[in-house]
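The values are calculated or read from the model by the stated rules, or taken from the named source; none is laboratory data. Bear in mind that the values here come from a model prediction, so they are computed numbers and not experimental data. Here the Cβ positions follow ideal geometry from the backbone for every residue, glycine too, while neighbour counts run over all protein chains shown.
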Amino acid sequence: MLEKGDKVSYYTSAKQEEKQLFRVCYEDEEILLVDKDSGVNAEAVFCALFERETCYFIHRLDRNTRGLLVFAKTKRAETALLKAFKDRTVEKCYEALCFGTFPKQRDVLTAYLVKDERKATVQIFDTPKGEKIVTEYVVLERIGDMTKVKVILHTGKTHQIRAHLAHIGCPVVGDEKYGDNRGNAAHACKRQCLIAKELTLHKTGLKADGKTFVSSYRFDEALS
């Protein structure tokens, strides 16, 4: 377990060194917002930013999820953002491209999540067991045997979107852990099709309050 004063080293391969980790899409005197690519750890983004200036880690995205990450540049902003994420006043919307047909145009799903630390996976159950999760989706578009949906998390647990959508029979395209391997191979999918698409800050007292930021990433590259 890390303690104050410990040094952390993050090593990358030559191929990773050539990869663009992220793009800065908003910055003011208190926060910095980036658009992270897939295959990049949030910690790697933080390390790259910290080399440029002091900043503070606020939240994570799964390594293979693209999209928006916000970092604080001041202690005041760090406190405000951590409280906002804890109080769930940060509005986050995802887009996912999934296999299958969703049962409804829009729905709010409730289930229960149990972590398997040894396998680094989670399991989803319909009956009370582990942590309660709530996932909302809205169908946006049908694309052949796939469906593009907007996803809103009402709880934010490890792998919640990927595991919950797979549980209802609509796994995220390109997901190698919870997904449809046969479908991924058939479409030669190169990326996990999950994007942290929109982020809006509320009640933080920061300059960016009320602004909605939108990721530039789309699913075209994953399927080309």
### Task
Quickly run through segment 158-171 and pick out the residues that are of a type outside the set (Gly, Ala, Ser), out of contact with any Gly (no Cβ under 6 Å at 6 or more places or on another chain) and crowded, with 21+ Cβ neighbours inside 10 Å.
160, 161, 162, 164, 165
### Summary
Expected single match for hydroxyl-bearing (Ser, Thr, Tyr) and over 21 Å from residue 219 (Cα atoms) among 110, 65 is 110
### Query
Going by the structure shown, is residue 160 in contact with a Lys or Arg (Cβ under 9 Å, 6 or more places away or on another chain) and among the polar types (S, T, N, Q)?
no
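Kindly indicate whether residue 18 is closer than 25 Å to residue 197 by Cα, modelled with pLDDT under 65 and acidic (Asp, Glu).
On the way: closer than 25 Å to residue 197 by Cα: yes; modelled with pLDDT under 65: yes; acidic (Asp, Glu): yes.
It is true that residue 18 is closer than 25 Å to residue 197 by Cα, modelled with pLDDT under 65 and acidic (Asp, Glu).
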## Note on the structure
Considering segment 174-192, residues that are assigned to a helix (DSSP H, G or I) and among the polar types (S, T, N, Q), and then whichever is surrounded by the most Cβ atoms within 10 Å (Cβ to Cβ), we arrive at 184
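Inside segment 193-224, can you point out the residues that are in a loop (DSSP other than H, G, I, E, B), touching a residue at least 60 places away in the same chain (Cβ under 8 Å) and under 17 Å from residue 150 (Cβ atoms)? Break it down into steps so the answer makes sense when it comes.
Keep residues of segment 193-224 that are in a loop (DSSP other than H, G, I, E, B), which gives 193, 201-211, 215-219, 224.
Filter once more, keeping what is touching a residue at least 60 places away in the same chain (Cβ under 8 Å): 193, 201-208, 211, 215-217, 219.
If the condition is that a residue be in a loop (DSSP other than H, G, I, E, B), touching a residue at least 60 places away in the same chain (Cβ under 8 Å) and under 17 Å from residue 150 (Cβ atoms), then 193, 215, 216, 217, 219 are the ones that fit.
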### Task
Considering (1) touching a Lys or Arg at 6+ places or on another chain (Cβ under 7 Å); (2) crowded, with 21+ Cβ neighbours inside 10 Å, say which one residue 197 fails and leave the rest.
(1)
### Message
When you scan segment 47-56, do you find a residue that is of a type in the set (Gly, Ala, Ser), out of contact with any helix residue (DSSP H, G or I) (no Cβ under 9 Å at 6 or more places or on another chain) and over 19 Å from residue 208 (Cα atoms), even just one?
### Response
yes
### Query
Could we say that residue 62 is out of contact with any helix residue (DSSP H, G or I) (no Cβ under 9 Å at 6 or more places or on another chain) and either modelled with pLDDT under 95 or not aromatic (Phe, Trp, Tyr) (or both) here?
no
